[in-house]
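Scroll down for the structure; my scribbles are underneath it.
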Amino acid sequence: IPDDDGVKIAIPHNRIKALMEIMEQAPGKVGIWARFTEDINQICAALKKKGIGHVRYDGLDTDPVRREAAKQRFLSDPDCIAFVGNPAAAARGLNLQVASICVYYTNSFDADHRWQSEDRFHRSGMTGPVTYIDLIAPGSVDRRILQALKNKEKIADSILDDPDSWV
């Protein structure tokens, strides 16, 4: 977060520590979603420091060729354990069926981003179930964001379950 002079100030938190614990215990590949570029920077730096092979998939300014290369590396390279992405950048047309764990480092308020990012792991060729983990910092807005997403899902389900409400 920048201060009044525009100097970035790191705010200590335990998300990276929690994520690294998940990575150490992960039985296979892990997809990590983060909403903010700075979060993705920190995640990638921590993975690099731990020697964990990973790819980054974010930002509209990322070259499509680099995105495709990142996706292919995650899918085919046994040494590439983590896919770190922004759900808005990776929302559609991306198949990541090799992951067994999906971590939401930070969530978006956009329910479509959540649903689409979950769907990236449920594709043809899946080899087992996917475990979803939301990192929720105590005393933060995280729990409210997650609850809002669940409420949006309930509303969408109730509309789809009642065809009479379509008219």
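The values are calculated or read from the model by the stated rules, or taken from the named source; none is laboratory data. These figures come from a predicted structure and were not determined experimentally. Neighbour counts are summed over all protein chains in view; Cβ atoms, including those assigned to glycine, are modelled from backbone coordinates with ideal geometry. Surface areas here come from the heavy atoms of the whole protein model, side chains and all, with no ligands, DNA or RNA. Shrake-Rupley method; radii C 1.70, N 1.55, O 1.52, S 1.80 Å.
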Semi-axes of the equivalent ellipsoid for segment 87-137, Cα gyration tensor, largest first, Å: 18, 14, 7
Alpha carbon Rg of segment 1-74, scaled by the compact-globule rule 2.2 N^0.38 Å: 1.26
Spherically averaged projected area in nm², based on the convex hull that wraps the Cα atoms of segment 8-152: 9.0
Burial order of peptide ranges 68-75, 135-142, 80-87 (average beta-carbon count within 10 Å, highest first): 80-87, 68-75, 135-142
Efficiency of FRET from Cβ geometry, VAL7 and THR127, R₀ 35 Å, rounded to 0.05: 0.15
Probe 1.4 Å, all protein chains present, accessible-area order of MET23, MET126, largest first: MET126, MET23
